[in-house]
Amino acid sequence: MASNPLIVSPVAVFGSTRIATAKSCFRRDFHFHFLLRSCFSFRKFSCLTEKTLNYDFDRRLCRDWSNPTFKVSCDLSCFQVKDVSYRPPGTQTNLLNGVNISLPEKSFGLIFGRSGSGKTTLLQLIAGLSKPTSGSIYIQRYGNDGKALQSSEELTAEKVGIVFQFPERYFVADSVLEEVIFGWPRQRGGLQLKELLASKLQKAIISVGMQGIPLDKDPHSLSGGYKRRLALAIQLVQIPDLLILDEPLAGLDWKARADVVKLLKQLKKELTLLVVSHDLKELAPLVDRSWKMEIGGVLNEEPLPAC
Ligand SMILES: Nc1ncnc2c1ncn2[C@@H]1O[C@H](COP(=O)(O)OP(=O)(O)OP(=O)(O)O)[C@@H](O)[C@H]1O
């Protein structure tokens, strides 16, 4: 773990309070996610870009990355996972075997399947937390003529937002504002570039429907649904190309679940979403493409089973 730059680099930007908090936390999972949060914030900070997501496109496109015959009517991009296999270092068994995904921009992909089949492992590869043993993960853009542009774009970690399962367990700050800006680079005397990012922060807060919540409120005192909204806002402030969510409805009551589903429906208008979930019935109305992960790490495109 020490040789992984993802883990080491954010330490340089920690405030002393955060280091103390990290040191005082001995729960392994918390510590791991705490470091990841810092890392993601730091890496993304350096490449904030406005994206032009103001065009629509045909969602039937990109259904088969290997099919050269499909046509497009405007510029678009597809998120692609091609022939990805993964074997953890030092082990003899592949957790993922020849996984393929193709998901057009601004659509909603759902991965379902049995516990332990490798769904979370796949999300971690897509988020750049581990590297595939073979295969590639990239963004493919298409020109006005419908042809794939020759060079594909690497899907770097800073282009991906990830909301882990039970994200509220990893909240570290005393206020909503601090929670959102946690991990941003700081200079002595205050936040660096705070003003530049204020509008992005405001936009993220509004997009998750948290404008009524005071920014100095303790995140731990929020309701379950608002904690999830906050976890989404943390990722959205940095405008990812792809937002991935691991079990976004887990542990919520029926009201909060309905709120989160409604929110995801809104977010889909602006973002590409890839979700792992067992809650098929509630998410079904949002789903454009779905895959089942079989034991052994084989992913097959399949419609959702009738619930
Ligand atoms: N680094 C690793 N080394 C060895 N085995 C691992 C490693 N990481 C995960 N696994 C194993 O890989 C399998 C897939 O785990 P993963 O968490 O991806 O499954 P999942 O489909 O997300 O399950 P769930 O629905 O319960 O979250 C599990 O059996 C897990 O124990």
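Pull out all pairs, ordered by first then second residue, where Cβ-Cβ is under 8 Å, the residues are six or more apart or on different chains, the first lies in region 268-281 and is under 16 Å from residue 122 (Cα atoms) and aliphatic (A, V, I, L, M), and the second is assigned to a loop (DSSP other than H, G, I, E, B) and within 16 Å of the ligand (Cβ to nearest atom).
Sorted first by the residue in region 268-281, then by its partner, the pairs are 275/248; 276/247.
I'd like to check something: does region 86-102 contain any residue that is at pLDDT 90 or above, of a type in the set (Gly, Ala, Ser) and within 21 Å of the chain's Cα centre (by Cα)?
Filtering region 86-102 for residues at pLDDT 90 or above gives 86-102.
Retained after the next criterion (residues that are of a type in the set (Gly, Ala, Ser)): 90, 98, 102.
Now drop any that are not within 21 Å of the chain's Cα centre (by Cα), which leaves 102.
For region 86-102, residues at pLDDT 90 or above, of a type in the set (Gly, Ala, Ser) and within 21 Å of the chain's Cα centre (by Cα): present.
If I filter region 278-303 down to residues being within 16 Å of the ligand (Cβ to nearest atom) and surrounded by fewer than 16 Cβ atoms within 10 Å (Cβ to Cβ), which single residue comes out as nearest to the chain's Cα centre (by Cα)? I'd like the intermediate steps shown before the answer.
Applying the first criterion (within 16 Å of the ligand (Cβ to nearest atom)) to region 278-303 yields 278-280, 283, 290-300, 302.
So of that shortlist, the ones also surrounded by fewer than 16 Cβ atoms within 10 Å (Cβ to Cβ) come out as 278, 280, 294-296, 300, 302.
Numbers: 278: 17, 280: 19, 294: 22, 295: 23, 296: 24, 300: 21, 302: 22 Å.
Applying the filter and picking the extreme gives 278.
When you check residue 108 against the structure, is it surrounded by fewer than 22 Cβ atoms within 10 Å (Cβ to Cβ) and either more than 11 Å from the ligand (Cβ to nearest atom) or closer than 24 Å to residue 285 by Cβ (or both), yes or no? Before the answer, list the steps.
Details: surrounded by fewer than 22 Cβ atoms within 10 Å (Cβ to Cβ): no; either more than 11 Å from the ligand (Cβ to nearest atom) or closer than 24 Å to residue 285 by Cβ (or both): yes.
So residue 108 does not fit the description; no.
Out of everything in region 159-180 that is at pLDDT below 90 and either buried (at least 20 other Cβ atoms within 10 Å of the Cβ) or among the basic types (Lys, Arg) (or both), what residue ends up being farthest from residue 104 (Cα to Cα)?
Per the criteria, the residue is 180.
Of everything in region 278-307, what is more than 24 Å from residue 138 (Cβ to Cβ) and in contact with a helix residue (DSSP H, G or I) (Cβ under 6 Å, 6 or more places away or on another chain)? Give them in sequence order.
Scanning region 278-307 gives 282, 286, 304, 307.
For region 88-100, give me each residue that is more than 9 Å from the ligand (Cβ to nearest atom), within 23 Å of residue 301 (Cβ to Cβ) and assigned to a loop (DSSP other than H, G, I, E, B).
94
What's the number of the only condition in (1) out of contact with any helix residue (DSSP H, G or I) (no Cβ under 6 Å at 6 or more places or on another chain); (2) away from the ligand (no atom under 15 Å from the Cβ); (3) β-branched (Val, Ile, Thr) that residue 275 fails to meet?
For residue 275, the failing item is (2).
The values are calculated or read from the model by the stated rules, or taken from the named source; none is laboratory data. No experiment lies behind these values; they were computed from the predicted model shown. For neighbour counting, all protein chains shown are included, and Cβ atoms are generated from backbone atoms with ideal geometry for every residue, glycine included.
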